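S.K.: Have a look at this one before I ask anything.
Values in this text are rule-based calculations from the coordinates and carry no lab data. Only a predicted model underlies this, so the values are computations on that prediction, with no experimental measurement involved. Positions of Cβ are backbone-derived with ideal geometry, glycine not excepted, and every protein chain shown enters the neighbour counts.
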Amino acid sequence: MCAGSCGPGNLHLINGLFDCHRNRVPVLAIAAQVPSREIGSSYFQETHPEHLFKDCSYYCELVSQAEQMPRVLGIAMRTALLRRGVAVIVIPGDVALRECPAGALSLGIEDSASLLFPSEDELRTAAEILNGARKVTILGGAGCEGAHAELIAVAERLKGPIVHALRGKEFIEYDNPYDVGMTGLVGFASGYAAMKNCDALLMLGTDFPYRAFYPEHAKIAQIDVRPEALGNRCSLNLGLLGTVKDTLQDVLPAIREKTDSSHLDDALADYKKARKDLDALAESGPHSKLIHPQYVTRLVSELATDDAIFTCDVGTPIIWTARYLKVNGRRRIVGSFNHGSMANAMLQAIGAQAAYPQRQVISMSGDGGFSMMMGDFITLTQMGLPVKVIVLNNGTLGFVEMEMKASGFLDTACDLKNPNFALMAEAMGVRGIRVEQPQELKSAIQAALAHKGPALVDVVSARQELAMPPKTTLDQAYHFGMFTMKAVLDGRAGELIDLAKVNLSR
Ligand SMILES: Cc1ncc(C[n+]2csc(CCOP(=O)(O)OP(=O)(O)O)c2C)c(N)n1
């Protein structure tokens with residue numbers, strides 16, 4: 001639940017509400033409105049929140065009479081809980097202060113535990129598709145929450161590798177002998193290959209957006225609780241409306257055990273190789289001079305508690321978190337994975353820590369992301385929230401710099417002139433530690449995590465990191481060629497050579 005005062009006050013809610021709505025988080029937001037008699041006169045601070053928040057909510061209504069309130073509140077809460085998204089109530093201050101008549105209609109805020117099941121026929125068709133294919137791959141997303149055992153049982157029977165979308169990582173990757181990594185722009189080659197090489201794809205609780213990563217010729221069956229997700233990204237042979245857990249339980253008895261495990265074995269071998277290559281990048285030698293973000297993330301993962309909540313900023317922190325943070329079924333990872341709003345990590349950490357005061361909460365922040373919402377850092381002191389902020393201080397809007405280069409542009413306006421974030425933290429009443437040498441990193445992270453109150457570690461990290469998509473296409477090669485030529489013409493060949501040296505030396 002959140003609330004904002006008139007006009008600019010509640011406008012501040014908008015990016016967070018978009019994020020929650022797209023992440024399917026139930027939220028009730030109250031947006032104040034100017035006095036009711038002034039609405040429509042361009043009054044001081046007047047906006048129309050019922051229009052502004054329409055796109056990021058399932059329910060968004062103006063309350064103009066006190067007697068509307070109990071009923072509208074009930075509808076808003078029910079909508080947020082059952083449709084899993086945002087509901088907004090807009091209310092002028094004068095209406096909010098009025099007495100609600102005793103007899104005003106109130107219909108409650110009942111939640112519902114009803115379940116949704118596919119029909120027998122549909123379950124039979126699903127089993128036919130899976131039994132009829134030689135190579136089945138499973139793609140899972142956030143809808144797999146709570147269905148770990150069923151997922152493993154189905155994969156075992158199908159001898160099917162499990163690929164996950166980013167939001168599925170925390171529910172799928174742990175204790176999973178069928179895990180072959182993530183797919184997508186920041187995913188692993190093994191996840192990509194397992195999707196492309198199958199005869200049948202089973203999509204579970206995912207609306208994975210990148211169409212180029214779906215197989216071209218496989219049969220596809222999808223299970224989701226949201227009708228609008230079925231067939232949203234690829235043409236389906238079958239769409240099943242139901243929860244992943246219950247539907248898998250129902251379909252499992254009809255799935256025949258496969259004897260040929262060659263598809264799984266190939267995918268696991270691919271994954272092992274991809275993992276080995278990635279893990280090699282997360283090492284730091286005794287004489288290393290640069291601090292690589294892979295190493296930072298690996299250390300944070302090793303040193304954090306078993307039930308820590310991690311948030312990660314949009315930008316390269318997402319990539320390092322997806323690749324190097326170990327999950328275990330109790331740790332949580334929160335990010336702006338659907339909306340893609342920068343500067344999310346510290347703000348989500350504030351919310352997570354307020355909701356779970358006893359758990360360790362760690363924000364993996366980019367320097368651009370952290371600076372963008374730096375004013376809210378003071379909230380940690382103000383509200384006594386012991387959040388630990390790890391700033392990957394690479395001096396650039398790195399993800400965008402990389403995108404520009406990959407598209408054949410010389411990067412422009414990406415450089416960041418950062419302060420010493422640790423000194424700034426100290427000035428704001430937060431324990432601040434700056435790290436410039438890889439040898440100092442472990443003890444710095446340990447000290448920050450052991451600190452009772454909020455702490456920030458300002459990690460001066462390597463700027464040039466290769467975080468490429470799994471497959472270099474001809475198009476990308478062309479862009480890279482153009483980029484190289486422009487760099488030479490602009491007299492920036494030296495930078496290009498430095499970039500190549502750094503990446504080749506690793
Ligand atoms: C509000 C917002 N503005 C701009 C972007 C585009 N964008 C995505 S990542 C990024 C750079 C992030 O930089 P930083 O936080 O320093 O992390 P880095 O990629 O360097 O690790 C930008 C500008 C966005 N996603 N959201």
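S.K.: Place the peptides 427-440, 250-263 in order of packing, highest mean first, counting for every residue the other Cβ atoms within 10 Å and averaging per peptide.
M.R.: The densest-packed peptide leads the list: 427-440, 250-263.
S.K.: Can you work out D for the chain in µm² s⁻¹ from Stokes-Einstein, where Rh is the Kirkwood radius over C-alpha pairs, the temperature is 25 °C and the viscosity is 0.890 mPa s?
M.R.: Rounded to a whole number, D works out at 98 µm²/s.
S.K.: Next question. Given R₀ = 22 Å, FRET efficiency for L81-A104 by Cβ-Cβ distance, to 0.05?
M.R.: After rounding, the FRET efficiency stands at 0.50.
S.K.: Calculate one ³J(HN,Hα) per residue across the range 246-253 by plugging θ = phi - 60° into the Karplus curve 6.51 cos²θ - 1.76 cosθ + 1.60, and present them in order as whole Hz with x for glycine and proline.
M.R.: Here the 3J(HN,Hα) series is 5, 5, 5, 4, 6, 8, 4, x Hz.
S.K.: Quick check on the chain: helices-only [θ] at 222 nm, where DSSP H runs of length 4 and up contribute -39,500 (n - 2.57) each and the sum goes over total residues. Nearest 500, please.
M.R.: Roughly -11000 deg cm²/dmol at 222 nm, from the helical runs in the chain.
S.K.: With label points built 7 Å along Cα→Cβ from the Cα atoms of D94 and F409, find their separation and express it in nm.
M.R.: In this crude label model, D94 to F409 measures out at 4.9 nm.
S.K.: Residues in the range 394-411, backbone N under 12 Å from the label point at L303 (7 Å along the Cα-to-beta-carbon vector): list them, ranges by number please.
M.R.: Inside the label zone: nothing.
S.K.: Restricting the count to DSSP beta bridges whose residues both fall in the chain, what percent are antiparallel, rounded to a multiple of 5?
M.R.: Antiparallel bridges make up about 0 percent of those DSSP assigns within the chain.
S.K.: Subtracting the Cα-Cα distance from 0.36 nm times the residue separation, let me have the gained length for R332 to E128 in nm, one decimal.
M.R.: That pair, R332 and E128, stretches by 69.9 nm at full extension.
S.K.: What's the magnitude of the charge dipole for the chain around its Cα centre, counting Lys and Arg as +1 and Asp and Glu as -1 at the beta-carbon? Answer in Debye, nearest 20.
M.R.: Magnitude of the dipole: close to 780 debye.
S.K.: With +1 on each Lys and Arg Cβ and -1 on each Asp and Glu Cβ, and nothing else charged, work out how big the dipole of the range 61-144 is about its Cα centre, in Debye to the nearest 20.
M.R.: 380 debye
S.K.: Under 8 Å for C-alpha pairs, at least 6 residues apart: give me the relative contact order for the chain, rounded to a whole percent.
M.R.: Normalised by residue count, the contact order of the chain is 10 percent.
S.K.: Determine, for each peptide in 110-119, 291-300, 273-282, the mean count of other beta carbons within 10 angstrom over its residues, then list the peptides with the highest first.
M.R.: Order by mean packing, descending: 291-300, 273-282, 110-119.
S.K.: With the cut-off at 26 Å, report for the range 122-233 the share of all Cα pairs above it, as a whole percent.
M.R.: 7 percent
S.K.: Report the label-to-label distance for K54 and M428 in nanometres (one decimal), using points 7 Å from each Cα along the Cα→Cβ vector.
M.R.: 3.7 nm
S.K.: Let me check against my output: what whole-number percent is the relative contact order of the range 51-191, with C-alpha pairs under 8 Å and at least 6 apart?
M.R.: RCO, the range 51-191: 16 percent.
S.K.: When the convex hull of the Cα atoms of the range 232-287 is projected onto a plane and the area is averaged over all directions, what value comes out in nm²?
M.R.: That works out to 7.8 nm², a quarter of the Cα hull's surface.
S.K.: Here's something else I'd like to know. What are the trypsin sites (Lys or Arg not before Pro) within the range 75-175 that DSSP puts in a loop, where the Cβ has at most 14 other Cβ atoms within 10 Å?
M.R.: Those satisfying the criteria are R98, R134.
S.K.: So, in nm, how far is label N232 from label A254 when the simple model puts each one 7 Å beyond its Cα toward the Cβ?
M.R.: 2.5 nm
S.K.: Given an 8 Å cut-off on Cα distances and at least 6 residues of separation, report the relative contact order of the range 357-399 as a percent.
M.R.: 58 percent
S.K.: Compute the length gained on full extension between D121 and E38: take 0.36 nm times their separation in residues and subtract their Cα-Cα distance, giving the result in nm to one decimal.
M.R.: 24.0 nm
S.K.: Can you compute log10 of I(q)/I(0) for the range 56-193 with the Debye formula, treating each Cα as one identical point scatterer, at q = 0.10, 0.18 Å⁻¹?
M.R.: Values returned for q = 0.10, 0.18 Å⁻¹ are -0.58, -1.02.
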